[in-house]
Amino acid sequence: QVQLVESGGGLVQAGGSLRLSCAASARTLRWYIMAWFRQAPGKEREFVAGINWSSGSTYYEDPVKGRFTISRDNAKNTVFLQMNSLKPDDTAVYYCAADYSLGVSDSASNYDYWGQGTQVTVSS
């Protein structure tokens with residue numbers, strides 16, 4: 001069983017940057033995929049970015065391409081989401097998710113493990 005804890009959210013002005021972290025309790029994440037999702041008030045939870053832990057392959061949803069970067073630290077079992085050039089539309093609760101799989105999915109239903117979420121608010 002994997003436990004995930006997000007951190008790094010906060011309030012930032014448009015154009016600013018934040019880095020989110022998600023620490024996993026698993027012994028190893030070699031056989032897992034990890035992803036970031038976000039959910040704004042009144043909207044469905046949407047995929048943001050994902051990473052195959054073993055290969056390092058990354059995937060991004062179109063609205064964040066070129067602005068967000070997902071990465072990992074193998075030694076710390078931690079995944080990061082570097083968010084640059086933030087926009088008010090990026091405001092949401094951001095969740096990290098994990099699943100015992102070798103293929104990244106953009107569907108929330110394919111992830112068994114979820115963090116508690118961290119609020120990101122971008123002011124205009």
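The values are calculated or read from the model by the stated rules, or taken from the named source; none is laboratory data. Model, not experiment: these values are computed from the prediction. Quick reminder, even Gly has a Cβ in these numbers, built from the backbone with ideal geometry, and neighbours come from all protein chains shown. Remember, those area values only see protein heavy atoms, side chains included, never the ligands or the DNA or RNA. Shrake-Rupley method; radii C 1.70, N 1.55, O 1.52, S 1.80 Å.
Checked against (1) surrounded by fewer than 18 Cβ atoms within 10 Å (Cβ to Cβ); (2) of a type outside the set (V, I, T); (3) over 13 Å from T121 (Cα atoms); (4) at pLDDT below 95, P41 meets all criteria but (3).
Cβ-Cβ distances below 8 Å connect the following pairs, each with a first residue in region 15-29 that is more than 13 Å from T91 (Cα to Cα), a second residue that is among the acidic types (D, E), and a separation of six or more residues or different chains: L20/E6; S21/E6; C22/E6.
So which residues in region 104-124 are out of contact with any strand residue (DSSP E or B) (no Cβ under 7 Å at 6 or more places or on another chain) and either hydrophobic (A, V, I, L, M, F, W, C) or under 17 Å from D89 (Cα atoms) (or both)? The answer is S124, and nothing else. Against the definition (modelled with pLDDT of 95 or more and either in contact with a His (Cβ under 9 Å, 6 or more places away or on another chain) or hydroxyl-bearing (S, T, Y) (or both)), how does S7 come out, yes or no? In short, yes.
Against the condition surrounded by fewer than 19 Cβ atoms within 10 Å (Cβ to Cβ) and either of a type in the set (G, A, S) or free of Cβ contacts under 8 Å to residues at least 12 places away in the same chain (or both), how does G8 come out, does it pass?
Numbers: surrounded by fewer than 19 Cβ atoms within 10 Å (Cβ to Cβ): yes; either of a type in the set (G, A, S) or free of Cβ contacts under 8 Å to residues at least 12 places away in the same chain (or both): yes.
So G8 fits the description; yes.
Looking at the structure I just gave you, is V122 among the hydrophobic types (A, V, I, L, M, F, W, C), open to solvent by 30 Å² or more (accessible area, probe 1.4 Å) and at pLDDT 95 or above? So V122 does not fit the description; no.
Looking only at region 53-77, how many residues end up being among the polar types (S, T, N, Q), surrounded by 19 or more Cβ atoms within 10 Å (Cβ to Cβ) and in a strand (DSSP E or B)? Full working, then the answer.
In the first step, residues of region 53-77 are kept if they are among the polar types (S, T, N, Q); the result is 54-55, 57-58, 69, 71, 74, 77.
Retained after the next criterion (residues that are surrounded by 19 or more Cβ atoms within 10 Å (Cβ to Cβ)): 77.
Pick out the ones that are also in a strand (DSSP E or B) and you get none.
Qualifying residue count, region 53-77: 0.
When residues in region 40-52 are screened for being in a strand (DSSP E or B) and either in contact (Cβ under 8 Å) with a residue 60 or more places away in the chain or of a type in the set (K, R) (or both), 1 of them pass. Residues in region 90-124 that are assigned to a loop (DSSP other than H, G, I, E, B) and within 12 Å of V48 (Cα to Cα): V104, S105, D106, S107. Across region 26-38, the qualifying residues are those that are surrounded by 15 or more Cβ atoms within 10 Å (Cβ to Cβ) and not hydrophobic (A, V, I, L, M, F, W, C), and the one among them that is modelled with the lowest pLDDT is Y32.
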